[in-house]
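Asker: There's a structure below that I have some questions on.
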Amino acid sequence: MFPFSIIVAVDLENGIGKNGGLPWHLSGDMKHFKDLTTSVESRDKKNVVIMGRKTWDSLPSKIKPLPERMNIILTRKALLFPEGVFQSASLNGALDLINDHLKGRVEKVFVIGGGEIFNEALNHPHCHKIYLTQILSKFTCDTFFPPFTHLFQTLNESPHYHEHSLEYYFAEYFRKE
Ligand SMILES: NC(=O)c1ccc[n+]([C@@H]2O[C@H](COP(=O)([O-])OP(=O)(O)OC[C@H]3O[C@@H](n4cnc5c(N)ncnc54)[C@H](OP(=O)(O)O)[C@@H]3O)[C@@H](O)[C@H]2O)c1
């Protein structure tokens, strides 16, 4: 089965969302997200982004489906999505879809949120890596990234960046042996 990565931005209390949206606007982090999830080595392939239905709902209509990536939405409901968007009733169902039907066209797989999906993905044995943006501030949040440092360890941290009075850095975590 395809290994996959999580990509997430958290505040100092692991907050990730508020009222169905992001609590902050950081264009440097948006660019990081786009670059990481879009870039491929093979021009014949694309990356997959897997997201919960509420995260899909939160995307601005002009960028959904997320361009240049295969979009898979997790929902337990019978909903209609735009042509070309895949849906699955479980995370394993999405991974099976990639393995069984999309494999030859897929380079990397990213779980992009939100809180419910991260919770399941973190504990999945095929989740090998977390790309984490650490924002060094506290926001009022209603959605959180689950505890993860008992399962993952950090190997790389970027320099610190500053944008509108916010300081943040990018870290990569790998699953502990
Ligand atoms: N900071 C970040 O990096 C980041 C990233 C992404 C999102 N967010 C934020 O996170 C918030 C959204 O997160 P959330 O936890 O409320 O919702 P979510 O995880 O995006 O979506 C939850 C929905 O996904 C579906 N779902 C959940 N588990 C499933 C499973 N195992 N199988 C099939 N479907 C499943 C259900 O959809 P149905 O109800 O349709 O069945 C559920 O209502 C927003 O505020 C968003 O802005 C932050």
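Every number here is computed from the coordinates shown, using simple stated rules; none is lab data. Just so you know, these numbers come straight off a predicted model, no measurement behind them. Note that each Cβ is placed from the backbone with ideal geometry, even for glycine, and that neighbours are counted across all protein chains shown.
Asker: Among 137-146, 6-15, what's the highest-first ranking by average C-beta atoms within 10 angstrom per residue? It would help to have the intermediate numbers written out before the result.
Answerer: Numbers: 137-146: 15.9, 6-15: 19.5.
In decreasing order of mean packing, 137-146, 6-15 become 6-15, 137-146.
Asker: Using the Cα centre of segment 4-137 as the reference point, and only Cβ charges (+1 on K/R, -1 on D/E), how large is the resulting charge dipole? Debye, rounded to the nearest 20.
Answerer: Dipole magnitude for segment 4-137 comes out near 280 debye.
Asker: Using θ = phi - 60° and the Karplus relation 6.51 cos²θ - 1.76 cosθ + 1.60, list the HN-Hα couplings for segment 64-81 in order, rounded to whole Hz, with x at every Gly or Pro.
Answerer: Values, residue by residue: 10, x, 4, x, 6, 9, 7, 9, 10, 10, 8, 8, 9, 9, 8, 10, 9, 10 Hz.
Asker: Obtain the nm distance between the two label points defined at LEU136 and THR75 by a simple spin-label model: each point lies 7 Å from its Cα along the Cα-to-C-beta direction.
Answerer: 4.1 nm
Asker: Further question on the same structure: How would THR133, THR154, THR55 line up from fewest to most surrounding beta-carbon atoms within 10 angstrom?
Answerer: THR154, THR133, THR55
Asker: At 7 Å along the Cα-to-beta-carbon direction for both HIS25 and ASN92, put a label point, then send me their distance in nm to one decimal.
Answerer: 4.2 nm
Asker: If you don't mind, another one. Show that you can apply the helix-only estimate: for the chain, add -39,500 (n - 2.57) for every DSSP H stretch of four or more residues, divide by all residues, and state [θ] at 222 nm to the nearest 500. Working shown, then result.
Answerer: Details: 4 runs with 33 residues, N = 177.
Rounded to the nearest 500, it is -5000 deg cm²/dmol.
Asker: Okay, moving on. Give the Rg (one decimal place) followed by the Dmax (whole number) of the chain, computed from C-alpha coordinates and expressed in Å.
Answerer: 15.6, 46
Asker: For the pairs LYS31/LYS64; LYS18/LYS138; LYS54/LYS77; LYS62/LYS108; LYS34/LYS129; LYS54/LYS103, note any where the Cα-Cα span goes beyond 20 Å.
Answerer: LYS62/LYS108; LYS54/LYS103
Asker: Quick check: residue separation of THR38 and LEU12 times 0.36 nm, minus the Cα distance between them. What number comes out in nm?
Answerer: 6.6 nm
Asker: Right, here's the next one. What residue among VAL85, GLY113, TRP56 has its Cα farthest toward the positive end of the dipole of segment 4-137, where the charges are +1 on Lys, Arg and -1 on Asp, Glu, each on the Cβ?
Answerer: Going by the Cα projections, it comes out as VAL85.
Asker: Tell me which of GLN153, GLY15, ILE73 sits at the most positive position along the dipole axis of the chain, charges placed on C-beta atoms (Lys, Arg +1; Asp, Glu -1).
Answerer: About the Cα centre, the residue reaching furthest to the positive side is ILE73.
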